[in-house]
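Read the structure below first, then the notes.
The values are calculated or read from the model by the stated rules, or taken from the named source; none is laboratory data. Note that the structure is a prediction, hence the values are computed from the model and not measured. Cβ placement follows ideal geometry from the backbone for every residue including glycine, while neighbour counts extend to all protein chains displayed. These accessible areas exclude ligands, DNA and RNA; they are computed on the full protein's heavy atoms, side chains included. Shrake-Rupley method; radii C 1.70, N 1.55, O 1.52, S 1.80 Å.
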Amino acid sequence: MGSKKFGWDKRTPAVGSMRKGDLILGWGVAAASWSAGRGVSEASVSLNVDGSARVSSGSQDPGTGTYTVIAQIVSDKTGIPVSRIQSVLGSSSLPPGPTSGGSTATATIIPSVAEAAVNAIKVVLTTAGSAKGSPFLGKQPTDLAMSSGRVHLKDQTPDSGVPFQEILKLANLASANGEGKTGGYGSDTDGKNFSSHSFGAQFVEVEWDPGICHLRVSRVVSVVDAGRIINAKTARNQMAGAVVMGIGMGLLESTTYDPRNGHPINDNFADYVVPTSADHPEIDVTFLDIPDPMIGEYGARGIGEIGLAGIAPAITAAVYHATGVRVRDLPVRVEDLITARVDI
(Lines give C-alpha, C1' and ligand atoms only; values in the text may rest on other atoms or scores of the structure.)
Protein backbone atom coordinates (compact mmCIF):
# COMPACT_ATOMS: atom_id res chain seq x y z
CA MET A 1 0.00 0.00 0.00
CA GLY A 2 2.72 2.47 0.95
CA SER A 3 4.78 1.87 -2.15
CA LYS A 4 1.73 2.41 -4.35
CA LYS A 5 0.75 5.65 -2.59
CA PHE A 6 4.30 6.93 -2.75
CA GLY A 7 4.84 5.86 -6.37
CA TRP A 8 7.85 3.69 -5.52
CA ASP A 9 7.66 1.90 -8.88
CA LYS A 10 8.77 5.14 -10.54
CA ARG A 11 12.02 5.21 -8.54
CA THR A 12 15.22 4.79 -10.54
CA PRO A 13 17.87 3.20 -8.32
CA ALA A 14 20.98 4.98 -9.60
CA VAL A 15 22.39 7.64 -7.27
CA GLY A 16 21.39 11.15 -8.36
CA SER A 17 19.25 9.87 -11.23
CA MET A 18 15.98 11.56 -10.26
CA ARG A 19 15.67 15.28 -10.93
CA LYS A 20 13.19 18.10 -10.46
CA GLY A 21 14.63 21.12 -12.19
CA ASP A 22 17.89 21.97 -10.46
CA LEU A 23 17.05 19.73 -7.54
CA ILE A 24 18.10 16.11 -7.12
CA LEU A 25 15.47 13.87 -5.57
CA GLY A 26 16.22 11.02 -3.22
CA TRP A 27 13.73 8.35 -2.24
CA GLY A 28 14.15 6.13 0.79
CA VAL A 29 12.07 3.68 2.79
CA ALA A 30 12.37 2.06 6.19
CA ALA A 31 10.33 -0.53 8.07
CA ALA A 32 9.29 0.07 11.67
CA SER A 33 8.16 -2.15 14.51
CA TRP A 34 7.12 -1.35 18.07
CA SER A 35 5.95 -3.71 20.77
CA ALA A 36 2.25 -3.42 21.62
CA GLY A 37 1.86 -3.27 25.38
CA ARG A 38 -1.02 -2.92 27.79
CA GLY A 39 -0.97 -2.28 31.52
CA VAL A 40 -3.29 -2.31 34.53
CA SER A 41 -5.96 0.38 34.61
CA GLU A 42 -9.03 1.53 36.54
CA ALA A 43 -11.89 3.76 35.44
CA SER A 44 -15.30 4.96 36.59
CA VAL A 45 -18.45 5.68 34.58
CA SER A 46 -21.56 7.48 35.80
CA LEU A 47 -24.81 7.53 33.84
CA ASN A 48 -26.61 10.64 35.07
CA VAL A 49 -30.27 11.42 35.60
CA ASP A 50 -30.08 14.33 33.14
CA GLY A 51 -29.19 11.91 30.32
CA SER A 52 -25.47 12.68 30.32
CA ALA A 53 -22.53 10.50 31.33
CA ARG A 54 -19.20 11.01 33.04
CA VAL A 55 -16.09 8.87 32.55
CA SER A 56 -13.00 9.35 34.69
CA SER A 57 -9.57 7.87 35.22
CA GLY A 58 -6.35 9.08 36.76
CA SER A 59 -4.64 9.13 33.37
CA GLN A 60 -3.83 12.22 31.30
CA ASP A 61 -4.07 13.59 27.78
CA PRO A 62 -0.91 15.29 26.49
CA GLY A 63 -2.71 16.07 23.24
CA THR A 64 -2.94 12.55 21.84
CA GLY A 65 -6.74 12.21 22.11
CA THR A 66 -7.36 10.26 25.32
CA TYR A 67 -10.25 12.52 26.32
CA THR A 68 -11.97 11.81 23.02
CA VAL A 69 -11.23 8.08 22.88
CA ILE A 70 -12.65 7.26 26.31
CA ALA A 71 -15.80 9.23 25.52
CA GLN A 72 -16.16 7.26 22.31
CA ILE A 73 -15.94 3.96 24.19
CA VAL A 74 -18.68 5.00 26.62
CA SER A 75 -20.79 6.18 23.71
CA ASP A 76 -20.28 2.87 21.93
CA LYS A 77 -21.38 0.90 24.99
CA THR A 78 -24.35 3.06 25.97
CA GLY A 79 -25.51 4.87 22.85
CA ILE A 80 -25.20 8.23 24.61
CA PRO A 81 -23.87 10.87 22.16
CA VAL A 82 -20.22 11.84 22.67
CA SER A 83 -21.35 15.45 23.03
CA ARG A 84 -23.16 14.45 26.25
CA ILE A 85 -20.23 12.56 27.78
CA GLN A 86 -17.80 14.33 30.09
CA SER A 87 -14.26 12.92 30.20
CA VAL A 88 -12.32 13.64 33.38
CA LEU A 89 -8.58 12.95 33.62
CA GLY A 90 -5.46 14.29 35.24
CA SER A 91 -6.06 13.96 38.99
CA SER A 92 -4.56 11.55 41.50
CA SER A 93 -7.95 11.52 43.24
CA LEU A 94 -9.37 9.50 40.32
CA PRO A 95 -9.08 5.73 39.80
CA PRO A 96 -5.48 4.89 38.82
CA GLY A 97 -4.92 5.05 35.07
CA PRO A 98 -2.00 4.60 32.68
CA THR A 99 0.79 7.02 31.89
CA SER A 100 1.14 8.28 28.33
CA GLY A 101 4.29 6.53 27.19
CA GLY A 102 5.54 3.53 25.31
CA SER A 103 2.48 3.52 23.04
CA THR A 104 0.38 1.83 25.72
CA ALA A 105 -2.12 4.43 27.02
CA THR A 106 -5.00 3.74 24.64
CA ALA A 107 -4.68 -0.04 24.80
CA THR A 108 -4.51 0.14 28.60
CA ILE A 109 -7.34 2.54 29.40
CA ILE A 110 -9.96 1.29 26.91
CA PRO A 111 -10.66 -2.07 28.64
CA SER A 112 -11.21 -0.47 32.04
CA VAL A 113 -13.51 2.20 30.58
CA ALA A 114 -15.49 -0.44 28.68
CA GLU A 115 -15.86 -2.57 31.83
CA ALA A 116 -16.94 0.45 33.89
CA ALA A 117 -19.55 1.36 31.28
CA VAL A 118 -20.91 -2.20 31.23
CA ASN A 119 -21.14 -2.23 35.02
CA ALA A 120 -22.98 1.11 35.03
CA ILE A 121 -25.44 -0.31 32.48
CA LYS A 122 -26.00 -3.34 34.75
CA VAL A 123 -27.07 -0.95 37.52
CA VAL A 124 -29.55 0.71 35.17
CA LEU A 125 -30.99 -2.64 34.04
CA THR A 126 -31.28 -3.92 37.61
CA THR A 127 -33.05 -0.72 38.56
CA ALA A 128 -35.39 -1.02 35.58
CA GLY A 129 -36.55 -4.38 36.85
CA SER A 130 -37.17 -3.21 40.43
CA ALA A 131 -38.27 0.45 40.35
CA LYS A 132 -41.96 1.19 40.99
CA GLY A 133 -43.67 2.40 37.86
CA SER A 134 -41.03 0.92 35.59
CA PRO A 135 -42.42 -0.65 32.41
CA PHE A 136 -39.93 -3.47 33.05
CA LEU A 137 -40.89 -4.15 36.66
CA GLY A 138 -40.20 -7.80 37.49
CA LYS A 139 -37.85 -8.32 34.57
CA GLN A 140 -34.37 -9.71 35.15
CA PRO A 141 -31.37 -7.69 33.98
CA THR A 142 -30.60 -10.52 31.56
CA ASP A 143 -33.96 -9.87 29.86
CA LEU A 144 -33.04 -6.25 29.16
CA ALA A 145 -30.52 -4.26 27.15
CA MET A 146 -29.44 -0.65 26.86
CA SER A 147 -28.67 0.81 23.48
CA SER A 148 -29.08 4.22 21.87
CA GLY A 149 -29.33 5.51 25.43
CA ARG A 150 -32.57 3.59 26.00
CA VAL A 151 -33.55 0.58 28.08
CA HIS A 152 -35.52 -2.05 26.21
CA LEU A 153 -36.29 -5.75 26.09
CA LYS A 154 -33.33 -7.60 24.65
CA ASP A 155 -35.38 -9.04 21.80
CA GLN A 156 -36.86 -5.68 20.82
CA THR A 157 -35.52 -2.50 19.25
CA PRO A 158 -34.37 0.54 21.28
CA ASP A 159 -37.39 2.51 20.00
CA SER A 160 -39.63 0.23 22.04
CA GLY A 161 -37.90 1.18 25.28
CA VAL A 162 -37.49 4.26 27.44
CA PRO A 163 -34.55 6.63 27.97
CA PHE A 164 -32.30 5.38 30.76
CA GLN A 165 -32.69 8.63 32.68
CA GLU A 166 -36.42 7.93 33.06
CA ILE A 167 -35.54 4.71 34.89
CA LEU A 168 -33.24 6.65 37.22
CA LYS A 169 -35.96 9.20 37.91
CA LEU A 170 -38.42 6.46 38.84
CA ALA A 171 -35.91 5.11 41.36
CA ASN A 172 -35.01 8.61 42.59
CA LEU A 173 -31.34 8.05 41.65
CA ALA A 174 -28.96 10.82 40.64
CA SER A 175 -26.80 8.39 38.67
CA ALA A 176 -25.93 4.79 37.99
CA ASN A 177 -22.27 4.17 38.63
CA GLY A 178 -19.91 1.50 37.41
CA GLU A 179 -16.25 0.76 38.11
CA GLY A 180 -13.77 -1.02 35.89
CA LYS A 181 -10.43 -2.56 36.81
CA THR A 182 -8.57 -4.48 34.13
CA GLY A 183 -5.24 -6.27 33.90
CA GLY A 184 -2.35 -6.11 31.51
CA TYR A 185 -1.70 -7.76 28.18
CA GLY A 186 -3.13 -11.26 28.02
CA SER A 187 -5.23 -10.91 31.17
CA ASP A 188 -8.47 -11.38 29.23
CA THR A 189 -7.23 -12.92 25.95
CA ASP A 190 -4.75 -15.56 24.81
CA GLY A 191 -2.26 -12.76 24.26
CA LYS A 192 0.40 -14.32 26.49
CA ASN A 193 0.83 -16.97 23.81
CA PHE A 194 1.62 -14.37 21.17
CA SER A 195 4.09 -11.58 20.53
CA SER A 196 2.19 -8.38 19.79
CA HIS A 197 3.67 -5.55 17.75
CA SER A 198 2.64 -2.61 15.63
CA PHE A 199 4.29 -2.23 12.23
CA GLY A 200 4.94 0.57 9.80
CA ALA A 201 6.49 1.36 6.43
CA GLN A 202 7.68 4.94 6.01
CA PHE A 203 8.65 6.43 2.67
CA VAL A 204 10.58 9.69 2.41
CA GLU A 205 11.49 12.01 -0.44
CA VAL A 206 14.31 14.53 -0.03
CA GLU A 207 15.32 17.40 -2.27
CA TRP A 208 19.05 18.06 -2.55
CA ASP A 209 20.29 21.30 -4.12
CA PRO A 210 24.02 20.76 -4.71
CA GLY A 211 24.46 24.34 -5.91
CA ILE A 212 23.83 25.76 -2.45
CA CYS A 213 24.20 22.55 -0.41
CA HIS A 214 20.60 22.61 0.77
CA LEU A 215 18.70 19.52 1.86
CA ARG A 216 15.06 19.25 2.87
CA VAL A 217 12.42 16.55 3.28
CA SER A 218 9.71 17.26 0.72
CA ARG A 219 7.30 14.34 1.09
CA VAL A 220 6.50 11.52 3.52
CA VAL A 221 4.11 8.58 3.21
CA SER A 222 3.60 6.58 6.40
CA VAL A 223 1.53 3.39 6.47
CA VAL A 224 0.92 1.90 9.91
CA ASP A 225 -0.68 -1.26 11.27
CA ALA A 226 -1.61 -0.36 14.85
CA GLY A 227 -4.70 -2.47 15.29
CA ARG A 228 -8.12 -0.83 15.30
CA ILE A 229 -8.06 2.96 15.11
CA ILE A 230 -10.66 4.37 17.49
CA ASN A 231 -10.39 7.98 16.30
CA ALA A 232 -8.84 8.48 12.88
CA LYS A 233 -8.38 12.24 13.23
CA THR A 234 -6.46 12.22 16.51
CA ALA A 235 -4.46 9.15 15.45
CA ARG A 236 -3.49 10.66 12.11
CA ASN A 237 -2.46 13.91 13.77
CA GLN A 238 -0.30 11.99 16.22
CA MET A 239 1.39 10.13 13.37
CA ALA A 240 1.99 13.38 11.46
CA GLY A 241 3.56 14.82 14.59
CA ALA A 242 5.80 11.77 14.81
CA VAL A 243 6.95 12.43 11.24
CA VAL A 244 7.91 15.99 12.19
CA MET A 245 9.82 14.64 15.20
CA GLY A 246 11.58 12.22 12.87
CA ILE A 247 12.65 15.09 10.62
CA GLY A 248 14.06 16.82 13.66
CA MET A 249 15.93 13.65 14.59
CA GLY A 250 17.19 13.10 11.04
CA LEU A 251 18.17 16.62 9.99
CA LEU A 252 18.23 19.11 12.84
CA GLU A 253 18.41 17.99 16.44
CA SER A 254 21.72 17.53 18.20
CA THR A 255 22.83 18.15 21.77
CA THR A 256 26.26 19.68 22.34
CA TYR A 257 27.95 18.83 25.64
CA ASP A 258 30.60 20.76 27.53
CA PRO A 259 33.58 18.34 27.60
CA ARG A 260 34.63 19.67 30.98
CA ASN A 261 31.52 18.72 32.94
CA GLY A 262 29.08 17.03 30.56
CA HIS A 263 26.58 19.87 30.80
CA PRO A 264 24.38 20.35 27.69
CA ILE A 265 25.40 23.67 26.15
CA ASN A 266 22.37 24.09 23.90
CA ASP A 267 19.71 23.12 26.43
CA ASN A 268 17.32 25.91 25.43
CA PHE A 269 14.96 26.79 22.61
CA ALA A 270 17.25 29.53 21.33
CA ASP A 271 20.12 27.15 20.54
CA TYR A 272 18.48 23.73 20.16
CA VAL A 273 17.25 23.41 16.58
CA VAL A 274 13.83 21.81 16.00
CA PRO A 275 11.59 21.68 12.92
CA THR A 276 9.37 24.66 12.23
CA SER A 277 6.45 25.09 9.85
CA ALA A 278 8.86 25.77 7.00
CA ASP A 279 10.42 22.33 7.54
CA HIS A 280 7.11 20.45 7.35
CA PRO A 281 6.76 18.38 4.20
CA GLU A 282 3.65 16.94 2.61
CA ILE A 283 2.62 14.15 5.01
CA ASP A 284 0.33 11.26 4.08
CA VAL A 285 -0.67 8.90 6.90
CA THR A 286 -2.64 5.69 6.31
CA PHE A 287 -3.76 3.08 8.84
CA LEU A 288 -4.57 -0.51 7.94
CA ASP A 289 -7.19 -0.44 10.75
CA ILE A 290 -7.19 -4.19 11.42
CA PRO A 291 -8.34 -5.00 15.00
CA ASP A 292 -5.89 -7.02 17.10
CA PRO A 293 -7.96 -9.56 19.10
CA MET A 294 -5.04 -10.30 21.44
CA ILE A 295 -4.80 -6.75 22.80
CA GLY A 296 -8.40 -6.55 24.00
CA GLU A 297 -12.08 -6.33 23.09
CA TYR A 298 -11.65 -3.31 20.82
CA GLY A 299 -8.42 -4.52 19.23
CA ALA A 300 -6.79 -1.11 19.55
CA ARG A 301 -3.05 -0.91 20.14
CA GLY A 302 -1.45 2.29 21.34
CA ILE A 303 0.27 4.50 18.79
CA GLY A 304 3.07 7.01 19.01
CA GLU A 305 6.60 5.66 18.61
CA ILE A 306 5.63 3.55 15.61
CA GLY A 307 5.11 6.76 13.63
CA LEU A 308 8.63 7.96 14.44
CA ALA A 309 10.72 4.79 14.34
CA GLY A 310 11.30 4.60 10.57
CA ILE A 311 11.57 8.27 9.61
CA ALA A 312 15.26 8.95 10.32
CA PRO A 313 16.53 5.77 8.60
CA ALA A 314 14.25 6.47 5.64
CA ILE A 315 15.75 9.97 5.45
CA THR A 316 19.31 8.65 5.40
CA ALA A 317 18.36 6.12 2.71
CA ALA A 318 16.87 8.95 0.64
CA VAL A 319 19.98 11.07 1.21
CA TYR A 320 22.14 8.27 -0.18
CA HIS A 321 19.89 7.93 -3.21
CA ALA A 322 20.24 11.66 -3.90
CA THR A 323 23.90 12.20 -3.05
CA GLY A 324 25.72 8.88 -2.89
CA VAL A 325 26.80 9.63 0.69
CA ARG A 326 26.07 7.10 3.43
CA VAL A 327 25.45 9.02 6.64
CA ARG A 328 25.89 6.90 9.77
CA ASP A 329 25.45 9.54 12.47
CA LEU A 330 22.47 11.79 13.09
CA PRO A 331 21.57 14.44 12.31
CA VAL A 332 22.57 14.57 8.65
CA ARG A 333 24.73 17.67 8.26
CA VAL A 334 25.73 19.72 5.25
CA GLU A 335 29.33 18.89 6.14
CA ASP A 336 28.50 15.24 5.46
CA LEU A 337 27.24 16.04 1.97
CA ILE A 338 29.61 18.74 0.79
CA THR A 339 31.84 16.12 -0.84
CA ALA A 340 28.95 14.45 -2.69
CA ARG A 341 30.01 13.57 -6.23
CA VAL A 342 26.79 13.95 -8.14
CA ASP A 343 26.84 15.91 -11.37
CA ILE A 344 24.51 18.89 -11.52
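Overview of values
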read-out	value
Whole-angstrom gap from segment 202-262 to segment 134-175, using each part's C-alpha centre	51
Cα convex hull volume per residue for segment 58-119 (Å³)	80
Test item: Cα-centred dipole of the chain, Lys/Arg +1 and Asp/Glu -1 on Cβ, debye	620
Most to least packed among 292-302, 210-220 [average Cβ atoms within 10 Å]	292-302, 210-220
Eligible lysines near LYS132 by straight Cα distance, threshold 19 Å, same-chain separation 8 or greater	LYS122, LYS169
Segment LYS233-GLU179, length gained on full extension (0.36 nm per residue, minus Cα span)	16.6 nm
Largest-first ellipsoid semi-axes for the chain, taking √(5λ) over the Cα gyration tensor eigenvalues, angstrom	52, 21, 16
For segment 79-200: rounded, prolate or oblate by the Cα gyration tensor [a/c cutoff 1.5]	prolate
With Cα atoms, 0 to 90° folded angle of helix 232-247 axis to the chain main axis	30
Virtual spin-label span in nm between THR255 and LEU288, 7 Å along Cα→Cβ	3.5
Solvent-accessible area, 1.4 Å probe, carbon plus sulfur percent, for the chain	52
Reach of LYS77 by Cα under 13 Å, taken over aspartates and glutamates that are not fewer than 8 positions away in the same chain	GLU115, GLU297
Rounded FRET efficiency, nearest 0.05, which uses the C-beta distance separating ASP9 from VAL40 and R0 of 41 Å	0.30
Taking all pairs of distinct alpha-carbon atoms in segment 243-301, Kirkwood radius in angstrom	15.0
Helix 66-78 axis, angle to the chain major axis (alpha carbon atoms, nearest 10°)	40
Accessible surface, segment 112-159, averaged per residue in Å² (probe 1.4 Å)	50
Sorted peptide list for 230-242, 310-322, criterion being average Cβ within 10 angstrom, highest first	310-322, 230-242
Degrees separating the helix 105-128 axis from the principal Cα axis of the chain, which is the longest one	10
